[in-house]
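Participant: Just passing along the structure, written as structure tokens.
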Amino acid sequence: MRRRALLVSLAALSGTAIWPGLAWPGLAWPGLARGAGIDSTEQPRLLLVIDDVGHSLVAGRRTLALPGPINCAFLPHSAHGRDLALEARALGKGIMLHAPMANSQHLALGPGALTPDLSKAELQRILREDLDAIPHVAGVNNHMGSLLTSRRQPMEWVMEVLRERKLWFVDSRTTASTLAWQVAQEQGIPALMRDVFLDHEQTPAFVHRQFLRGLSIAREYGSALMIGHPHDVTLDYLHEALPLMDELGFQRLTVSAFLHQQADFARLDPADRRLMNMHRRHWGMG
Ligand SMILES: [Zn+2]
């Protein structure tokens with residue numbers, strides 16, 4: 001992808017005219033205005049999670065080479081998960097456990113899977129072993145999980161372990177009937193939900209369209225959490241698109257940094273919030 005064409009197509013969405021007359025080939029651009037739901041002085045925030053890291057060293061290293069704040073979700077007991085997590089730590093990337101959870105299609109889950117037939121003690125022991133397998137984990141999201149995340153009791157058991165380890169949770173939302181985010185909230189676990197999957201179709205046009213959806217959600221609601229995978233098409237796209245985000249006015253954050261920011265913000269009174277938004281705008285402070 002040519003950087004200039006990509007920048008122009010992304011700018012079309014953000015409402016900033018850069019080199020008018022050019023457009024991303026083959027794709028239509030809806031005229032999106034700045035959303036009403038976000039304070040006009042606040043920078044929209046982008047959170048990017050790359051799932052399924054750990055099987056391939058090459059794809060893992062390309063993921064870690066993505067510029068700026070990204071979150072890598074490592075499969076437990078995977079061939080390179082532990083080593084890549086140590087590299088991620090050294091590079092200042094966010095580190096997550098990508099916890100395999102039972103799905104309704106009966107797809108293979110690999111080692112460390114959490115399934116509905118497990119007792120509370122067994123499920124929590126497996127989850128603790130998964131967490132111990134990946135160093136420096138700050139939070140967890142679910143790998144698959146369309147079955148398990150729709151069951152309240154195992155989700156309560158999962159969140160108990162997260163609370164004990166002071167970890168946050170991202171609900172990948174692999175089913176509309178997921179209870180994971182809700183149960184996390186009820187138990188006081190800092191939790192976010194996935195807004196966009198980038199690459200369930202692995203073509204450049206699809207990834208681009210999904211990424212734009214993420215930008216438009218961030219503009220409208222203040223933030224967006226996008227999940228991709230270490231596929232070549234996704235990594236090629238992100239290596240080109242991510243360096244442009246700063247120029248287009250989006251702030252990129254790890255999930256941990258975002259949750260700290262939200263927690264700090266919630267403690268401020270309204271006047272201080274306005275001041276903090278000004279600081280963020282002018283100094284990029286988080
Ligand atoms: Zn996964």
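The values are calculated or read from the model by the stated rules, or taken from the named source; none is laboratory data. Please read these numbers as outputs of a predicted model, since none were measured by experiment. Using ideal geometry, Cβ is built from the backbone for each residue, glycine included, and neighbour counts are taken over all protein chains shown.
Participant: Can you confirm whether the stretch 161-174 contains a residue that is crowded, with 21+ Cβ neighbours inside 10 Å, over 16 Å from the mean Cα position of the chain (by Cα) and within 16 Å of the ligand (Cβ to nearest atom)?
Facilitator: No, every residue in the stretch 161-174 fails to be crowded, with 21+ Cβ neighbours inside 10 Å, over 16 Å from the mean Cα position of the chain (by Cα) and within 16 Å of the ligand (Cβ to nearest atom).
Participant: May I ask you to list the residues in the stretch 202-235 that are more than 16 Å from the ligand (Cβ to nearest atom) and touching a Lys or Arg at 6+ places or on another chain (Cβ under 9 Å)?
Facilitator: If the condition is that a residue be more than 16 Å from the ligand (Cβ to nearest atom) and touching a Lys or Arg at 6+ places or on another chain (Cβ under 9 Å), then Ala218, Arg219, Glu220, Gly222, Ser223, Ala224, Asp232 are the ones that fit.
Participant: Among the residues that make up the stretch 12-19, is at least one of them within 16 Å of the ligand (Cβ to nearest atom) and modelled with pLDDT of 60 or more?
Facilitator: Checked against the condition, which is being within 16 Å of the ligand (Cβ to nearest atom) and modelled with pLDDT of 60 or more, the stretch 12-19 yields no hits at all.
Participant: Let me ask something additional. Filter the stretch 100-128 down to the residues that are on the phi < 0 side of the Ramachandran plot and free of Cβ contacts under 8 Å to residues at least 24 places away in the same chain and list them by number.
Facilitator: Correct list: Ala108, Ala113, Asp117, Ser119, Ala121, Glu122, Arg125, Ile126.
Participant: Same structure, new question: Every residue in the stretch 209-236 that is within 13 Å of the chain's Cα centre (by Cα) and either closer than 18 Å to Asp171 by Cα or part of a strand (DSSP E or B) (or both), please.
Facilitator: Answer for the stretch 209-236, where residues must be within 13 Å of the chain's Cα centre (by Cα) and either closer than 18 Å to Asp171 by Cα or part of a strand (DSSP E or B) (or both): Gly214, Ala218, Ser223, Ala224, Leu225, Met226, Ile227, Gly228, His229.
Participant: Further question on the same structure: Ala266 - would you say it is outside any loop (DSSP other than H, G, I, E, B), small (Gly, Ala, Ser) and modelled with pLDDT of 95 or more?
Facilitator: Criteria not met by Ala266.
Participant: Considering the stretch 197-208 alone, what residues qualify as being more than 28 Å from Gln262 (Cβ to Cβ) and touching a residue at least 24 places away in the same chain (Cβ under 8 Å)?
Facilitator: Gln202, Thr203, Pro204, Ala205, His208 - these are the residues of the stretch 197-208 that are more than 28 Å from Gln262 (Cβ to Cβ) and touching a residue at least 24 places away in the same chain (Cβ under 8 Å).
Participant: Does the stretch 189-208 contain any residue that is in a loop (DSSP other than H, G, I, E, B) and at positive phi?
Facilitator: no
Participant: Let me ask something else about it. Which pairs turn up if I take residues in the stretch 134-145 that are more than 17 Å from Arg163 (Cβ to Cβ) and look for partners that are among the basic types (Lys, Arg) and within 8 Å of the ligand (Cβ to nearest atom) with beta carbon separation below 6 Å, at least 6 apart in sequence or on another chain?
Facilitator: Going by the 6 Å Cβ cut-off, there are no qualifying pairs.
Participant: Which of the numbered conditions does Gly92 fail, given that it passes all the others? Conditions: (1) more than 13 Å from the ligand (Cβ to nearest atom); (2) buried (at least 24 other Cβ atoms within 10 Å of the Cβ).
Facilitator: So the condition that Gly92 fails would be (2).
Residues are listed down the side, and each one gets a yes or a no for (1) surrounded by fewer than 20 Cβ atoms within 10 Å (Cβ to Cβ); (2) within 20 Å of Phe258 (Cβ to Cβ):
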residue: Gly139; (1), (2): no, yes
residue: Gly214; (1), (2): no, yes
residue: Ser223; (1), (2): no, yes
residue: Pro230; (1), (2): no, no
residue: His239; (1), (2): yes, no
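Participant: Which of the residues belonging to the stretch 95-132 are small (Gly, Ala, Ser) and within 16 Å of the ligand (Cβ to nearest atom)?
Facilitator: Within the stretch 95-132, Ala99, Ala102, Ser104, Ala108, Gly110, Gly112, Ala113 qualify.
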